[in-house]
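A quick write-up on the structure given underneath.
The values are calculated or read from the model by the stated rules, or taken from the named source; none is laboratory data. All of these numbers come straight from a predicted model, not from anything done at the bench. Methodologically, a virtual Cβ is constructed for each residue, glycine included, from the backbone with ideal geometry; neighbour enumeration extends over all protein chains shown. All accessible areas refer to the heavy atoms of the entire protein, side chains included, with ligands and DNA or RNA removed. Shrake-Rupley method; radii C 1.70, N 1.55, O 1.52, S 1.80 Å.
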Amino acid sequence: MRQLALVAHNHMKPAMKQFIETYSEILKKFRVTGTQTTMKMCKSMWGEDDPFIHYGLTCTSGPLGGDAQIAALMCMEDLGGMIFFIDPLSAHPHQPDIDSLLRLTNCGNIFVCCNPASASSMMHTLRAALTKEDKDSARGMIPSFFETLESPAVEEYKHQQAVALANVIRSSVSVPAPQSAAPPAPGEEKKDSEEPNERGVSFGKIEVCEEDSDDEIFEKMALEQGAKKKTVQVQDISDTMKARALMGQSMAFSDARLAAMLADDSDDSEDESGDDTDDGDEVTAAPVAKVSKGLFGIKTKTATTTKSKGRGLKSVGKSMKNMMKQLSL
């Protein structure tokens, strides 16, 4: 039969001594174990030389590891019950050991009494079990003293542990490395799904050949984007024209045309005769700026192009010269 532990805190030791004296006849039938102070009380009352009394393990004091020793007895399946008089009004330096002992007794599903009232009821059960002539009936009344029991929660915990272990083992199995492709047989060549373009390089949907010039390449790219190629001619303008442009004037004619329009005034008389000879010819005049007063005194709008008949290039230059004189005022 397994051991019966007797444990009491300092303020509960007088209650433990009274309990041992009251139920000595029943307690002597068990192998009693406990902390050092409790075992001394039992031996002082029962004697140490009685051949009919079998003492169990004498553990050290609770704060020095006595509670842990009793918990170890239960884990070794040598503890059937425990009577632990706990002091609920005092702080204990070994509270973690107490909590561990109580938790393990619940895991082992053994008899546990934490106050004198429950301990007295337990004594009546133990007396009834000891007086029974049928040993099987006695075992059934106090099964934890004869066999290992478990809390119902232990079975579920063990199941979860088994599942976790199986997952670890399954994940630790090495996966075979994929075998490399066999080398091609002699005479066989690997054919790519896409053959390189023999004509040149492909940019998206545009195919560029080595013979194509830069203009042709740009034209192809423009056609691909849906835009037509446009060339922009940049005209050189003088510093004076730039300064006037900063003041809001738009000069839409080149230096060469401006020089032609600003010819010498000595040819003014010939301009009128030239108009007669050129009568009937259609000449396109240079862009004429429509000027209106605004910011900085002058505000220029978009230049317009007009067509006139019977006027030569020099006559247009004369009109442009007059316009420039007006602008310079």
The one condition Ser118 fails out of (1) closer than 19 Å to His9 by Cβ; (2) touching a strand residue (DSSP E or B) at 6+ places or on another chain (Cβ under 6 Å) is (2)
Residue that is most open to solvent (accessible area, probe 1.4 Å), among those in segment 56-72 that are closer than 25 Å to Arg127 by Cβ and at pLDDT below 95 = Leu57
Of all the residues that make up segment 122-151, how many are under 20 Å from Ile83 (Cα atoms), without any contact (Cβ under 8 Å) to a residue 24 or more places away in the chain and not in a helix (DSSP H, G or I)?
-> 1
Test: residue in segment 5-23 that is more than 28 Å from Gln95 (Cβ to Cβ), open to solvent by 20 Å² or more (accessible area, probe 1.4 Å), in a helix (DSSP H, G or I) and of a type outside the set (Gly, Ala, Ser) | yes
Within the set of pairs 6+ apart or on separate chains, which have a first residue in segment 152-174 that is open to solvent by 100 Å² or more (accessible area, probe 1.4 Å), a second that is at pLDDT 90 or above and not acidic (Asp, Glu), and C-beta atoms under 6 Å apart?
-> none
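Restricting attention to segment 31-51, which residues are touching a helix residue (DSSP H, G or I) at 6+ places or on another chain (Cβ under 9 Å), closer than 25 Å to Ala71 by Cα and open to solvent by less than 60 Å² (accessible area, probe 1.4 Å)?
At the first step, the residues of segment 31-51 found to be touching a helix residue (DSSP H, G or I) at 6+ places or on another chain (Cβ under 9 Å) are 32-38, 41-42, 45-46.
Narrowing further to those that are closer than 25 Å to Ala71 by Cα: 32-38, 41-42.
Residues satisfying the conditions are Val32, Thr33, Gly34, Thr35, Thr38, Met41, Cys42.
Among the residues of segment 139-151, write down those that are surrounded by fewer than 17 Cβ atoms within 10 Å (Cβ to Cβ) and not aromatic (Phe, Trp, Tyr).
In the first step, residues of segment 139-151 are kept if they are surrounded by fewer than 17 Cβ atoms within 10 Å (Cβ to Cβ); the result is 139-141, 143, 146-151.
Across segment 139-151, the qualifying residues are Arg139, Gly140, Met141, Pro143, Glu147, Thr148, Leu149, Glu150, Ser151.
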Looking at this structure, is Met82 open to solvent by less than 60 Å² (accessible area, probe 1.4 Å), aliphatic (A, V, I, L, M) and closer than 15 Å to Phe145 by Cβ?
-> yes
